[in-house]
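Just so you know, all these numbers are worked out from the coordinates, no wet-lab data involved. Keep in mind it's a predicted model, so treat the numbers as computed, not measured. Quick reminder, even Gly has a Cβ in these numbers, built from the backbone with ideal geometry, and neighbours come from all protein chains shown.
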Amino acid sequence: MFTLENRRFFACSLKERASCMETVNQVVSLSELARKHGLLGFEEQIHTLENEFQKSICKSIVDGLDKDHIRKSLDTRIVASGASGVKLLKMIIFGEGVLDILIGNSPRVTREYLIGFIGDDAVEYWYKQNCKNQNQSENSDKSKATDDALIKSYEALKSTNESTVRELAQVIRKTDNITQRNILELLKSEECYKLACDIKSHLFIFEDIIKLDNSSLNCIIRDINFIDLSKALNTASDEVKEIVFKHVSLRRRKMLEDDMENLKDLSIRDSEEAQVKICDIVRKKHDDGLIYVHNDIII
């Protein structure tokens with residue numbers, strides 16, 4: 001069995017370890033698929049996998065084999081392959097990742113576990129290289145959005161007032177997920193950690209709760225102060241209201257509707273403050289691994 005402790009035997013360069021982030025992201029995508037459709041959802045993705053090793057491991061899960069059996073098969077296949085270096089590391093990352101999915105860990109937990117095999121330095125290197133490659137290949141519209149976001153980032157360095165940070169977050173939200181993460185990483189690397197955190201706090205907004213899966217939304221609603229929820233829904237879209245109402249009892253829905261009617265004169269500022277509190281709960285539960293937030297949402 002290969003572990004984090006014996007990864008020194010992989011003998012990979014920084015660049016080779018960084019290349020393994022593609023495998024990490026591949027496993028995370030499978031984890032997201034399993035969260036949404038269950039393990040049987042793997043069956044539709046088997047034909048898209050890169051090699052027979054990956055296909056065989058996923059077929060074992062679809063066939064319902066237990067974890068111990070898959071573990072033995074995984075170790076046997078790795079040893080028999082005679083692989084070494086980065087090829088060996090990628091095989092281990094994929095195998096360990098699929099096993100992590102099997103035991104029910106969230107995509108975020110699985111990602112953090114797999115990153116341990118390649119090291120934080122390799123992850124940082126991958127992000128920097130990916131940012132360069134993306135900037136060279138993205139179309140003109142995305143390039144403009146990215147350039148605007150970077151310009152706003154440097155403007156914010158000079159003025160970190162609330163309006164500037166909020167405006168910057170709005171610009172960054174127009175870029176794709178990878179660019180958003182790269183910008184935040186860049187700010188952190190430039191010792192602008194607080195600014196990065198301030199921006200990040202504006203990227204997940206209350207309306208984004210409609211993108212959460214059912215179990216995550218149920219988990220959050222259970223811990224939300226009832227009055228805060230009523231205030232937050234007061235200025236929310238009809239789509240958000242309906243999603244929330246579907247996840248509460250008929251009795252609680254009636255109470256929410258009554259409270260919202262009584263709070264119809266509530267100021268937008270007070271409603272937004274309640275929404276911020278709920279967003280903070282979402283982030284805390286996400287950081288604790290208690291809920292799953294799809295990776296197209298920066299949180």
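What the table shows:
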| item | result |
| --- | --- |
| Shape call, the stretch 206-287: gyration tensor on alpha carbons, a/c limit 1.5 | oblate |
| Ordering of 97-107, 75-85, 238-248 by packing [mean C-beta count within 10 Å, highest first] | 97-107, 238-248, 75-85 |
| Ranked list, fewest to most other Cβ atoms within 10 Å of each Cβ, for L89, L290, L212 | L290, L212, L89 |
